[in-house]
Amino acid sequence: MNDMVTFKDVKHNKEINTYIAKADETMEAMGYTEHSFAHVTKSAVRAAEILQVLQYPERVLELTKIAGYMHDIGNVINRQAHAQSGAIMAFRILDKLGMDPEEIAMVVTAIGHHDEGSAVPVNAIAAALILADKSDVRESRVRNRGTIDGFDIHDRVNHAVKKSELELDEKNGTISLHLEIDTEFSSVMDYFEIFLGRMKLCRQAAEFLGLRFKLVANGVGLM
């Protein structure tokens, strides 16, 4: 039994990649923003970077990347409760790959607790994944390539975000999401209104890691 399943193993696993691709097709059909390889890879890398700065062990960083890469596979079943269905799918896959049960538990717990509808940052991987996932707001995630008039408010907000950076200042104990928003397409308050629940969850996740969460849009602190 191989108890050291790696991020490389997961990233090159045909079954996992099929579920990611098919889940994104489902999201596209429902009119959601991009949830494919760009999003899950960015979430995986960013989540691990957070814990790396906080000096978590290398193996935890590896498990964090695995959780980040697999976190949205549940969308292949349904958007509703996708975190929980994705966690069950991940359990089956990682168990079949021979991952140690304690490590599986860490990964599936994080996946099961990443969606703002039911999430609680119950471990470090879950907290880092929440911060990485919810901070991935960018113009390139918008699928609707018609006129701006045809965008819903979520498309407008994502389209308006020209730059998004998550900055961890270990010395001052803060993790800050810096956004540059083109107010021609969406107001800063539109962003705050749409993503308030996500930002509150980010604050909880940051607190779990011993940090304070800050949201800064166009140079103005909102949280």
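Of a type in the set (Val, Ile, Thr) and touching a Leu at 6+ places or on another chain (Cβ under 6 Å), is that true of THR109? In short, no.
Matching residues to (1) more than 14 Å from the chain's Cα centre (by Cα); (2) without any contact (Cβ under 8 Å) to a residue 24 or more places away in the chain:
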position	(1), (2)
ASP9	yes, no
SER36	no, yes
SER43	no, no
VAL53	yes, no
GLU62	yes, no
LYS65	no, no
ASP72	no, no
SER85	yes, yes
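Scanning region 11-34 for residues that are hydroxyl-bearing (Ser, Thr, Tyr) and within 17 Å of the chain's Cα centre (by Cα) turns up TYR19, TYR32, THR33. Among all positions in region 51-71, there is no residue which is among the small types (Gly, Ala, Ser), farther than 16 Å from LEU131 by Cα and either in contact with a Pro (Cβ under 6 Å, 6 or more places away or on another chain) or assigned to a helix (DSSP H, G or I) (or both). If you go through region 190-216 and keep only what is more than 20 Å from LEU168 (Cβ to Cβ) and surrounded by fewer than 19 Cβ atoms within 10 Å (Cβ to Cβ), you end up with ASP190, PHE192, GLU193, ILE194, LEU196, GLY197. Only helices (runs of 4 or more DSSP H) whose full extent lies in region 108-223 are considered here, and the ones with at least 3 residues that are in contact with a strand residue (DSSP E or B) (Cβ under 8 Å, 6 or more places away or on another chain) and either of a type in the set (Phe, Trp, Tyr) or modelled with pLDDT under 90 (or both) are 188-208. The set of residues in region 77-98 that are in a loop (DSSP other than H, G, I, E, B) and more than 17 Å from SER118 (Cβ to Cβ) contains only GLY98.
Out of SER85, SER43, SER118, one residue alone is within 25 Å of LEU177 (Cβ to Cβ), surrounded by fewer than 24 Cβ atoms within 10 Å (Cβ to Cβ) and of a type outside the set (D, E, K, R). It is SER118.
Scanning region 1-33 for residues that are closer than 12 Å to LEU94 by Cα and among the polar types (S, T, N, Q) yields ASN2, THR6, ASN13. Scanning region 53-82 for residues that are surrounded by fewer than 17 Cβ atoms within 10 Å (Cβ to Cβ) and polar (S, T, N, Q) gives GLN55, ASN78, GLN80. Set side by side, the residues THR33, THR18 differ, and just one is in a helix (DSSP H, G or I) and of a type in the set (Ser, Thr, Tyr), which is THR18.
The values are calculated or read from the model by the stated rules, or taken from the named source; none is laboratory data. Keep in mind that what you see is a predicted model, and the values were worked out from it rather than measured. No Cβ is skipped: glycine too gets one built from the backbone with ideal geometry, and neighbour counts run over all protein chains shown.
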